[in-house]
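Each reported figure results from applying straightforward, stated rules to the coordinates on display, with no laboratory input. Since the structure is predicted, the reported quantities are computational estimates derived from the model, not experimental observations. Methodologically, a virtual Cβ is constructed for each residue, glycine included, from the backbone with ideal geometry; neighbour enumeration extends over all protein chains shown.
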Amino acid sequence: MRYIRGLRCINCNHLNEVSIIYKCENCSGILNVEYNYEKIKKDSKKILTNKGIWKFKKLLPVRQNIKPVTLGEGETPLLEIDKIISKNSKINLFFKVESINPTLSFKDRSLSVALTVSKQFQVDKVITASTGNTGVAAAAYAARASMPCTIFIPKDTPKEKLKMMKLYGADTSLVDGNFSDAYQKANQIAMKNNWFNLTSTFLNPYAIEGNKTLAYELYEQYGGVPDWIIIPVGAGPLLVSCYKGFKELKYFGLINNLPKMVGVQAEKCSPIVEAFNLKTKNVSSWKMKEKTIASGIADPLELYPEDGTRTLDTIYESGGEAISVTENQIKYYQKLLAEAQGLFVEPSSVTAVAAIDILTERNKFDYSKQSIVSVLTGHGIKDLDVLFD
Ligand SMILES: *Cc1c(COP(=O)(O)O)cnc(C)c1O
Ligand SMILES: [Zn+2]
């Protein structure tokens, strides 16, 4: 893996070796894959050269001669939007349609990478906790890699997602509790059996690298850097990795500036937004009182609030925003998006659409000059019950 330097601790800066670890060996901090960018730059006339996310193989944490575990993920459309929501006639808005990935969410990017890394490390078995979409993607890519896969999900995960995981042949367990409870279960079992833990959040440093490809594609499709990128966040690896992708492009001299990142959560589970509103440095875990229909991003960060802090750091650094949306707004915009644009996305994903109007009302965007990309993270067909209540 000559293009990777190691796993840099975001806390103490210690460079950990490339191996199956989840925390810094020195201080238990969160790990960030660090590349030997000088070498990549020197070795490749063209950095971005394959198909889908794997055309960016040099910037993914895998050996260059390894055959990727792929289902054709990535290369999703960037749609120009002219009419929805905003009262403004002149809007400069785009939707990145991640809902049409092979298992219908952006998680395919990270799980394609995760299963490729699993093969490279020759692990026997993979395990993950999930709010639903990570589990579906893990099950599909594990099937593709002929790898046994165990998944822990909260018991109220949409039944369509559970059925898909089972169809792909994964071993599924329903946890009586929220995502943090599933996280803990998966972690315990992974440790005990020495299975490779693919859990989203910032636990697995390799898996989330797949999300960087979203930034590379936006750069190619938009032809530069959009001013704002709106992303629904659970713990926030998509937002953080997307920003990392843009920073890499800047390092390579392909772009001069970076986008402002907007993280959106459902009001009923919004630890990161709460910290942002209080202007604090650290995120605290969230006490779940009522559940939200945005189940895909309902992460109270019970044992790992530092994961939320990492996301908050990125939002601050980019000069972005963190906002929450109500259950009623989610329902309203899900219908509006379908009627006005022919796009059917799941509640978690709708939050990044509702956010456009909210931020427009607060005069955060200057539509005469600024461009906005909202990421439609997951398809609506995987959660049909929300339509009938
Ligand atoms: C996982 C997920 C998110 C949030 O992503 P994180 O990177 O975990 O913060 C957003 N939307 C959907 C549909 C998801 O499945
Ligand atoms: Zn450390």
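Of note:
- Shape call, region 297-389: gyration tensor on alpha carbons, a/c limit 1.5: oblate
- Set K159/K244; K155/K291; K55/K166; K125/K192 screened for pairs whose C-alpha atoms are more than 22 Å apart: K159/K244; K55/K166
- The chain: calculated mean residue ellipticity at 222 nm from DSSP helix runs of at least 4, using -39500 (n - 2.57): -10500 deg cm²/dmol
- Ordering of 360-371, 266-277 by packing [mean C-beta count within 10 Å, highest first]: 266-277, 360-371
- Amide H within-cut-off set for T172, under 5 Å, with H built and near neighbours excluded: I151
- Protection proxy ranking of 374-383, 330-339 - average other beta-carbon atoms within 10 Å, highest first: 374-383, 330-339
- Among 28-37, 15-24, 106-115, the peptide with the highest mean count of other Cβ atoms within 10 Å heads the list, and the full ranking is 106-115, 28-37, 15-24.
- Cα shape, the chain, gyration tensor, a/c 1.5 rule: rounded
- Straight-line cross-link reach from K331 at under 17 Å between alpha-carbon atoms covers these aspartates and glutamates, not counting any fewer than eight positions away in the same chain: E267, E290, E339, E346, D357, D383, D385, D389.
- Cα centroid separation, region 3-26 to region 105-128 (Å): 19
- Entries in K57/K364; K185/K212; K57/K369; K41/K281; K107/K163 that, when Cα-Cα distance is taken, lie over 25 Å: K57/K364; K185/K212; K57/K369; K41/K281
- Rounded Å value of the spacing that divides the Cα centres of region 186-217 and region 356-386: 27
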